[in-house]
Ligand code: UDP
Ligand code: MG
């Protein structure tokens, strides 16, 4: 029977994990696949890890990984996917915003021959109008700027085939914008639509500051358009400055210079200063990312792990992702 692993990153999800687990297995038990679940504790401060351990202890098809600290969802997801050895993997949030009931549909598309089956939300309930607006604005901007089309209104909830997993495991960049990476690997991709539900319990880990950083991450990881924007703005400003300079020169030669022009001087100085700072900032963003990549640090460390199917008790190990690289 083909094997399916469900990968669930969780950070401080103790309130919802047990409910999630029950609902997930309610769905998995209806599939004619060999299923298991891999939880990743992304350095939670509450008793998420204790719950994961008890779930894993109760069922050999359940595994759990504990990262050495909070690395953020993108890395937690990567850690999980690195440890999957199955014909397909489903990535799902622990907070029940991604309905597990959709998994059979994802599986059906996979069996129809698709490598990446992503779930696209047709509505966002339980989120404020402003959050919705920023999300829409972000996806549209990505669409315009990004080198690969990132499907709009799509989270990380999706199914990946074995070869898609293998491709993904070869992308070891430190700045991980998973939605973009999923799209970047290519292969046959398709969407399944669903209604996004409000979070069942617990709190979202996102605030606008984190979302803004995430947006910058997404854009800079998949597009160098902002760098080009700086170039183009610089060029336009130079052309304008040249023409304006010419005008000033000609005027001074024809009519002499009675020393006015303070306002126009200020405008030009401030305008160019602003553009220069902006361009420096954009370059800085890319330079910073370059720096992070060049350090070549491992993506994560694992503090404890108990993979699905491993009955031999909890193995405690501190190793890097490099040992898992395929
Ligand atoms: N998550 C994680 N590490 C983090 C933040 C979040 O593993 O640092 C997990 C979280 O437990 C949940 C999923 O990522 O399973 C999505 O997080 P959240 O619900 O906060 O995001 P939202 O649904 O609001 O986009
Ligand atoms: Mg959520």
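The values are calculated or read from the model by the stated rules, or taken from the named source; none is laboratory data. Treat the numbers as computed from the prediction; the structure is a model and nothing was measured. Using ideal geometry, Cβ is built from the backbone for each residue, glycine included, and neighbour counts are taken over all protein chains shown.
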Flag for residue 102 being crowded, with 16+ Cβ neighbours inside 10 Å and more than 19 Å from the chain's Cα centre (by Cα): yes
Residue 103, sole failed condition from (1) farther than 18 Å from residue 61 by Cβ; (2) touching a helix residue (DSSP H, G or I) at 6+ places or on another chain (Cβ under 8 Å); (3) within 16 Å of ligand 1 (Cβ to nearest atom); (4) part of a helix (DSSP H, G or I): (1)
Qualifying residue in the stretch 243-254 (condition: surrounded by 14 or more Cβ atoms within 10 Å (Cβ to Cβ) and in contact with a helix residue (DSSP H, G or I) (Cβ under 8 Å, 6 or more places away or on another chain)): no
Any hit, the stretch 199-220, residues being away from ligand 2 (no atom under 16 Å from the Cβ) and more than 23 Å from residue 121 (Cα to Cα): yes
Qualifying residue in the stretch 191-212 (condition: in contact (Cβ under 8 Å) with a residue 12 or more places away in the chain, within 16 Å of ligand 1 (Cβ to nearest atom) and assigned to a helix (DSSP H, G or I)): yes
Test result for residue 165, touching a residue at least 12 places away in the same chain (Cβ under 8 Å), more than 14 Å from ligand 1 (Cβ to nearest atom), farther than 27 Å from residue 279 by Cα and not in a helix (DSSP H, G or I): no
Residue among 58, 50 that alone is out of contact with any strand residue (DSSP E or B) (no Cβ under 8 Å at 6 or more places or on another chain), away from ligand 1 (no atom under 16 Å from the Cβ) and without any contact (Cβ under 8 Å) to a residue 60 or more places away in the chain: 58
Among (1) touching a strand residue (DSSP E or B) at 6+ places or on another chain (Cβ under 9 Å); (2) more than 17 Å from residue 154 (Cβ to Cβ); (3) more than 15 Å from ligand 1 (Cβ to nearest atom), the one test that residue 94 misses: (3)
Filtered residues of the stretch 232-263 (kept if assigned to a helix (DSSP H, G or I) and touching a residue at least 12 places away in the same chain (Cβ under 8 Å)): 233, 234, 237, 241, 244, 248
All positions within the stretch 67-90 that are touching a helix residue (DSSP H, G or I) at 6+ places or on another chain (Cβ under 6 Å), surrounded by fewer than 23 Cβ atoms within 10 Å (Cβ to Cβ) and more than 13 Å from residue 299 (Cα to Cα): 87
Lone qualifier among 318, 243 - being at pLDDT 80 or above, away from ligand 1 (no atom under 16 Å from the Cβ) and more than 30 Å from residue 149 (Cβ to Cβ): 243
Checking residue 52 against (1) over 21 Å from residue 159 (Cα atoms); (2) within 24 Å of the chain's Cα centre (by Cα); (3) surrounded by fewer than 23 Cβ atoms within 10 Å (Cβ to Cβ), the condition it does not meet: (3)
